[in-house]
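J.: The structure follows.
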Amino acid sequence: MRTLGRYVLQEEIGRGSMGTVFKASDPMIERTVAVKTINALQIQDGSAEPRRRFLREAKAAGRLSHPCIVTIYDVGEFEDTAYIVMELLEGRSLKDVLDRGERIPLATAAQIVLQTADALGFAHRQGVVHRDVKPGNLMLTKQGLVKITDFGIARIDQTSRTRTGVVIGSPRYMSPEQVSGRKADGRSDVFSLGIVLYELVTGVAPFDAARPEDFLTLMQNIVAKQAEPPSRVNPEVPAALDAIVERALRKNPDERYPTAEALAEALRRALQSELRPKEGEPDIAKLAQTEEFVLPEFDLFGAGGGAAAAPAPKRAAPAPKAAARAGGGLLERLKGQAEALEQEGSTDEYSAKTLMLALDVERKMRAGLTYFEELVRYLGIVKPELGHAYALDGLGSFARPRIADAFVDSKLRRAEGRPWMDVITLTVVCVSPTTLRFELPGAEMQALVDRLTAANLRYSSDEAGNGAGAGPVTGEVAGEITVYARVMADRERGRLAFLCKNVGAFGSQSFVVDAKSAGDAVFEQFASHLLGQPSDFLGLVSAKR
């Protein structure tokens with residue numbers, strides 16, 4: 001088993017562009033922890049900055065002791081690997097909730113941002129500015145807490161020198177001063193948190209460009225564009241929340257909330273008046289406990305659409321006859337058990353078969369991850385055109401969508417005493433030059449909105465016809481399409497399930513593949529199918545819409 005310093009690495013639980021996160025144990029105090037690593041040899045440009053930034057995360061966060069900030073236990077370097085040891089969180093990121101399109105009640109959204117603002121206010125008082133506040137750095141825990149992670153680009157007041165013209169942070173959630181390369185203080189975190197709040201209550205970000213790859217327009221919007229009031233996007237947003245978002249997103253830092261605590265206090269007042277939680281709505285703990293990758297409409301592994309047959313019970317091993325002698329060594333005891341099984345003629349065929357299926361699926365999944373990682377790399381360089389059009393009934397088709405970006409992620413889980421790769425997630429963002437315009441009676445607008453929301457499509461419309469039976473509504477739908485594919489392992493039956501959204505056409509599909517008969521080319525065939533290229537993928541699978 002691999003070790004890093006004194007820490008025993010048990011299994012991989014996350015992977016990013018510069019490093020890996022492991023579940024690990026600290027044998028000195030018998031504590032389970034998360035170990036975040038970065039390998040300097042994997043940094044292609046040879047720069048030392050990522051490594052310095054990584055260690056700066058530990059230095060910044062290690063000073064902070066707050067219930068809503070991830071606890072840092074240790075930091076170190078071993079050979080070419082730097083590492084941070086932190087608490088192991090049970091839950092999932094806010095980004096994961098948003099990516100899956102799950103509904104977040106307004107009161108819960110306010111609670112998430114309130115907790116984050118309180119924690120940021122504490123960090124600011126300690127001289128630490130996060131400078132990368134975004135949903136991916138906010139973890140929701142099963143205890144109902146928000147945990148801020150990744151202080152990797154935080155600035156410590158006493159030691160830092162801010163260089164003019166250097167842009168640091170995630171572009172979509174930057175403040176105007178970050179975009180301009182000016183000094184960022186705690187009010188910059190307030191602006192970024194305002195963007196997060198806007199996205200939570202509307203489902204869209206306030207300053208996005210029409211095309212995801214158009215970062216110049218995005219930055220211009222952050223600096224100059226006034227965000228549309230959230231209530232125009234989501235009519236359920238009350239006036240108090242509109243006012244909070246508007247102040248948090250003011251371009252001039254002097255006009256925003258002076259501190260993160262002031263933002264938190266405004267949210268508390270709103271929760272006491274206009275944003276009281278409703279009975280039955282999911283709170284933070286409920287969102288964190290939602291099972292990963294569960295899509296209830298899919299009965300993926302049931303035979304013939306019904307419930308899967310229960311596995312045959314495993315036979316208990318018979319008592320070893322030849323091993324009954326007292327004082328026998330380990331090999332002698334094992335030899336006795338083996339002889340007893342041979343004499344009984346009772347090798348556990350079910351267990352052996354299940355293990356062979358599991359190992360075959362595991363090998364396929366790891367090969368699939370390797371293939372998708374290479375695919376994503378080249379898609380980012382070539383940015384090819386997709387070989388099919390995306391049609392919306394009654395509106396037309398998005399022609400010639402071209403890939404703008406692609407990502408791959410994976411999840412390992414522990415089962416039967418070892419880590420297994422259970423999920424690979426492939427995300428492809430493509431953009432079409434086509435913009436679909438529409439004009440329809442106001443009474444039909446909600447049906448169209450439901451279709452666009454299901455397809456993860458962005459749209460804009462005039463303000464007329466908001467109510468049923470009102471005048472005509474005009475607007476347009478941007479050709480910005482996000483394609484999702486999750487590959488899930490069914491080790492017991494030797495199958496792979498491809499859970500797809502917007503693959504080839506708008507909507508959801510699932511495909512079940514027999515891992516053995518599909519062969520090693522199944523991932524390449526699926527990629528060709530996704531891109532609209534000639535493929536045998538549909539001939540390898542059974543599909544259910």
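The values are calculated or read from the model by the stated rules, or taken from the named source; none is laboratory data. Since the model is a prediction, treat every value here as computed from it, not as a measurement. Virtual Cβ from ideal backbone geometry, glycine too; neighbours counted across all protein chains shown. Keep in mind that these areas ignore ligands, DNA and RNA; they rest on the heavy atoms of the full protein, side chains included. Shrake-Rupley method; radii C 1.70, N 1.55, O 1.52, S 1.80 Å.
J.: At 1.4 Å probe size, with every protein chain present, just tell me what the per residue accessible area of region 486-545 comes to in Å².
T.: Per-residue accessible area for region 486-545 comes out at 42 Å².
J.: Taking the Cα-to-Cβ direction at S517 and at E102 and moving 7 Å from each Cα, how far apart do the two end points lie in nm?
T.: Taking the simple label geometry, S517 and E102 are separated by 3.6 nm.
J.: I need the calculated FRET efficiency for the pair A239 and T434, taking r as the beta carbon distance and R₀ as 35 Å, to the nearest 0.05.
T.: Calculated transfer efficiency: 0.40.
J.: Given the Cα-Cα distance of D185 and D450 and 0.36 nm per residue of separation, how much length would full extension add, in nm?
T.: Stretched out fully, the D185 to D450 stretch lengthens by 91.4 nm.
J.: Grab the other residues whose beta carbon is less than 12 angstrom from that of Q533, score K and R as +1, D and E as -1, and report the net.
T.: Computed value for this residue: -3.
J.: Still on this structure, I have one more. In nm, to one decimal, how far is the A210 label point from the E373 one, both placed 7 Å along Cα→Cβ?
T.: 3.8 nm
J.: At E30 and S65, where each label point lies 7 Å from the Cα along Cα→Cβ, what is the point-to-point distance in nanometres?
T.: 2.4 nm
J.: Would you mind checking the pairs K36/K183; K36/K95; K286/K364; K134/K251 and listing those with alpha carbons more than 27 angstrom apart?
T.: K36/K183; K286/K364
J.: Continuing with the same structure: Return the tail of the calculated pair distribution for region 96-153, meaning the percent of Cα-Cα pairs more than 16 Å apart.
T.: Counting every Cα pair in region 96-153, those more than 16 Å apart make up 46 percent.
J.: Assuming R0 = 56 Å, can you tell me the calculated FRET efficiency for the pair E255 and E11, based on Cβ-Cβ distance, to the nearest 0.05?
T.: 0.70
J.: Give the accessible area for Y484 in Å² (nearest 10); use a 1.4 Å probe, count only protein heavy atoms, and leave out ligands, DNA and RNA.
T.: The value for Y484 is about 40 Å².
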